[in-house]
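The values are calculated or read from the model by the stated rules, or taken from the named source; none is laboratory data. Predicted, not measured: the structure shown is a model, and the values here were computed from it. FYI the Cβ positions are ideal-geometry reconstructions off the backbone, even for glycines, and counts take in every protein chain you see. When the accessible area is computed, the model is the full protein with side chains, heavy atoms only, and any ligands, DNA or RNA have been set aside. Shrake-Rupley method; radii C 1.70, N 1.55, O 1.52, S 1.80 Å.
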Amino acid sequence: MRVISGKYRGKRLEAPEGYEVRPTMDRIKETIFNIIQFRIESKTVLDLFAGTGALGIEAISRGAAEVVFIDNSSDSINCIKNNLKKIDGNYKVIKTDFSNYLLSLGKKFDIIFIDPPYKSLNGEEAIKIIIERRLLSDDGIIVFERSSDHETDYEALLGDMVDLFAVRNKKMGPISADLIEWK
């Protein structure tokens, strides 16, 4: 696993031992960042369920103004901190539950990465909180990585606000990335 592009291109990133953390593969990360590449520079980024920090670190490498990494695992937090060594940037690493963080948040983000454990419904819960609390900036985008065999019912999830959002899906074999943005 490595940084794909930008200032830290080629930097190797570590992952914790075991199956608790499922890092975004380079091929998938590259596809996601090819889609949003012109939307990163000088933007604020939230990396929920950060795991190794690979998505947020890629954003830093490509010029994000600020990145906040959120994870509730001590192993993941330590891994993120190790991966951030020798990386300059405006970033914070916070060990907390995603919902506690989102519910206490008083600011908006331009890009929000949501990459929860695939067998949980935490991704949908995070999206719901983000939309209800309007934590996504007006020109912002949510990138929700999930298993391709798990469909998300955005009509039910977004409720009355479903018509205000565009959802695009990029399927990459067993993994899908949904890009959710204001219309």
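Here the Karplus curve 6.51 cos²θ - 1.76 cosθ + 1.60, taken at θ = phi - 60°, turns the phi angles of the stretch 55-64 into couplings of 5, x, 5, 4, 5, 4, 4, 9, x, 4 Hz, with x standing for Gly and Pro. Extension gain for SER42-GLU151 works out to 36.0 nm (0.36 nm per residue, less the C-alpha to C-alpha distance).
Label separation (LYS86 vs ALA65): 2.9 nm, computed from points 7 Å beyond Cα along the C-beta direction.
Couplings for the stretch 88-103, taken from phi via the Karplus curve 6.51 cos²θ - 1.76 cosθ + 1.60 with θ = phi - 60°, read 8, x, 9, 9, 10, 10, 10, 8, 6, 6, 4, 5, 4, 5, 4, 6 Hz in order; Gly and Pro are left as x. Between ASP163 and ILE129, the distance separating the two model label sites (each 7 Å from Cα on the Cα→Cβ line) works out to 2.9 nm. ASN83 sits among other residues whose Cβ lies under 13 Å from its own Cβ, and their net charge, with Lys and Arg +1 and Asp and Glu -1, is +1. The GNM of the chain, with springs linking C-alpha atoms under 10 angstrom apart, assigns the highest mean-square fluctuation among ASP71, ASP138, ASP160 to ASP160. Protein heavy-atom surface of the chain, 1.4 angstrom probe: 46% of the accessible area is carbon and sulfur, with nucleic acids and ligands not counted. Averaged over its residues, the stretch 35-101 has an accessible area of 41 Å² per residue, based on protein heavy atoms and a 1.4 Å probe. Counting only lysines at least 8 places from LYS92 when in the same chain, those with an alpha carbon closer than 22 Å to its own are LYS7, LYS11, LYS29, LYS43, LYS81, LYS107, LYS108. Rounded to the nearest whole Hz, the Karplus-based 3J(HN,Hα) values (6.51 cos²θ - 1.76 cosθ + 1.60, θ = phi - 60°) of the stretch 68-81 follow the sequence 10, 9, 10, 7, 9, 9, 4, 4, 5, 4, 5, 5, 4, 4, with x at glycine and proline.
DSSP loop GluC sites (Glu not before Pro) in the stretch 140-173 with at most 12 other Cβ atoms within 10 Å of their Cβ, which ones? List each step's numbers first, then the result.
Values: sites: GLU145, GLU151, GLU155; in loops: GLU151.
Hits after loop and neighbour filter: GLU151.
Residues whose amide H falls under 5 Å from that of SER148, counting only those 5 or more places apart or on a different chain, are ILE175, SER176, with hydrogens built in the peptide plane. For PHE49, nonlocal amide neighbours, meaning residues 5 or more places apart or on other chains whose placed amide H falls under 5 Å from its own, are ILE70. Using the rule -39500 (n - 2.57) for each DSSP H run of four or more residues, divided by the residues of the chain, the 222 nm mean residue ellipticity is -8000 deg cm²/dmol. Spherically averaged projected area of the convex hull of Cα atoms, the chain: 9.3 nm². The stretch 27-89 and the stretch 91-153 have Cα centres spaced 14 Å apart. Between the Cα long axis of helix 26-36 and the first principal axis of the chain there is an angle of about 60°, rounded to the nearest 10. Amide H to amide H, with H built 1.01 Å from N, LYS11 comes under 5 Å of VAL3, counting only residues 5 or more places away or on other chains.
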